[in-house]
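Working notes, structure below.
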Amino acid sequence: MFDRQKYKKIAKMQLKGRRSVTVLATLTVVTVVFLMYLPDKIRNYRQVLFGLVYPKQTPLGNALSFLVPVLVYFIYGVMFMAYSYLHIVMSHTTKEVKFSTYIHGYTFWLQGFLGYLWQLLWTTLWSFLFVIPGIVKHYAYSQMFFIMAENPDIPVRKAMRMSILMTNGHKADLFKMDLSLLGWYILIMMTSGFAALWFGPYIMMTKVNAFHALKEEALRVGVLERYDFGDEDSSAGQADVTQGNVVKSESSVHAEEKTEPVSDVKASGSADYNAQPARASGEVEYTVLDEPESDADEGGAEQSPDSNDSKDF
């Protein structure tokens, strides 16, 4: 069962005592976005207040105006990749995370840029049919950045196919989760983004927890395997994600953990998912999702993301 209330509860526990880094990272994002749109705002204010009429653009100006959206997409993709990486790391550990972890996420700038362009391309194409298909595909592709942030070696196209399989039967659940966060989105817009300093990390951690649950469900049902996520040894090994580095060590999993049901998921300060080798003790427990119903628009849940017949859309 998709339980958004538990994902929110876990998010609050994960952020408790560790908000400083997330607030600073959010401040960086808000500042960059503000500076990006500042010239246009100044231009519009001058036109309204002083009635200034700007001359027509030259061919060089038209060419530069074409490059501006590309630059915007690049910045959005890179920043969202780094922001996702920070929260993925925080979901794997109860330790204090340094700001250098967020900076380390920018080393995956190419994945972020290409991922954003690829996601935007297909969402836009589906939106040409009608608004509803575009919204549906937005949620179908919504796990791409979390997949790549957890394992940057996964190609963009494969991450999209994996996201489609993971969200099969749960796009409505993700939509309802966004609706439950609508009040925070409105507050962020009303404060010109400054409320995001506090509520942005909470929203992101909630979505990261939903990602872990969807991933565990996909593994349990069998539509994806651990090697799809970059886990070379699905029965042993432990990933210690700390300060932006992923270190795999020899198995330290006890015998009883190997026979532990996949449906048990725990969290305290950070979520403890059986799909994730990194574990943390805690009090909050919840089970993974029930088996999703078939979703015809995704081409079948049994399709492997590595299959030659897999389609990006």
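The values are calculated or read from the model by the stated rules, or taken from the named source; none is laboratory data. Since this is a predicted model, take the numbers as computed values, not measurements. All Cβ positions, glycine included, derive from the backbone under ideal geometry; neighbour counts span all protein chains shown. Accessible surface is based on the protein model in full, side chains and every heavy atom, while ligands, DNA and RNA are left aside. Shrake-Rupley method; radii C 1.70, N 1.55, O 1.52, S 1.80 Å.
The table for this structure:
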item	result
Residue count, region 129-148 (criterion: open to solvent by 70 Å² or more (accessible area, probe 1.4 Å) and either outside any helix (DSSP H, G or I) or closer than 23 Å to Tyr83 by Cα (or both))	3
Residue match in region 188-200 (condition: modelled with pLDDT of 95 or more and of a type in the set (Val, Ile, Thr))	no
Some residue of region 66-75 being within 17 Å of Tyr141 (Cα to Cα) and either at pLDDT 95 or above or not in a loop (DSSP other than H, G, I, E, B) (or both)	yes
Contacts under 9 angstrom Cβ, first residue in region 25-46 being farther than 15 Å from Pro69 by Cα and open to solvent by less than 60 Å² (accessible area, probe 1.4 Å), partner hydroxyl-bearing (Ser, Thr, Tyr) and not in a helix (DSSP H, G or I), 6 or more apart	Val30/Ser192
Where a residue in region 69-88 is farther than 23 Å from Phe211 by Cβ and in contact (Cβ under 8 Å) with a residue 24 or more places away in the chain and its partner, wherever it lies, is open to solvent by 10 Å² or more (accessible area, probe 1.4 Å) and aromatic (Phe, Trp, Tyr), with Cβ under 7 Å and at least six apart	Phe74/Phe113
Residues of region 149-158 classified as more than 13 Å from Ile88 (Cβ to Cβ), of a type outside the set (Val, Ile, Thr) and in a helix (DSSP H, G or I), total	2
Near pairs, Cβ below 8 angstrom, 6+ apart or cross-chain, from region 206-231 (over 14 Å from His170 (Cα atoms)) to any residue that is of a type in the set (Asp, Glu) and in a helix (DSSP H, G or I)	Phe229/Glu150; Gly230/Glu150
Residues of region 1-24 satisfying the condition of being under 19 Å from the mean Cα position of the chain (by Cα) and free of Cβ contacts under 8 Å to residues at least 12 places away in the same chain	Gln5
Region 162-187, residues that are in contact with a Lys or Arg (Cβ under 8 Å, 6 or more places away or on another chain) and of a type outside the set (A, V, I, L, M)	Asp173, Lys176, Ser180
Subset tally (residues that are more than 24 Å from Met13 (Cα to Cα), assigned to a helix (DSSP H, G or I) and open to solvent by less than 40 Å² (accessible area, probe 1.4 Å)) for region 162-204	6
Condition met for Tyr7 (modelled with pLDDT of 95 or more, of a type outside the set (S, T, N, Q), crowded, with 18+ Cβ neighbours inside 10 Å and in contact with a His (Cβ under 8 Å, 6 or more places away or on another chain))	no
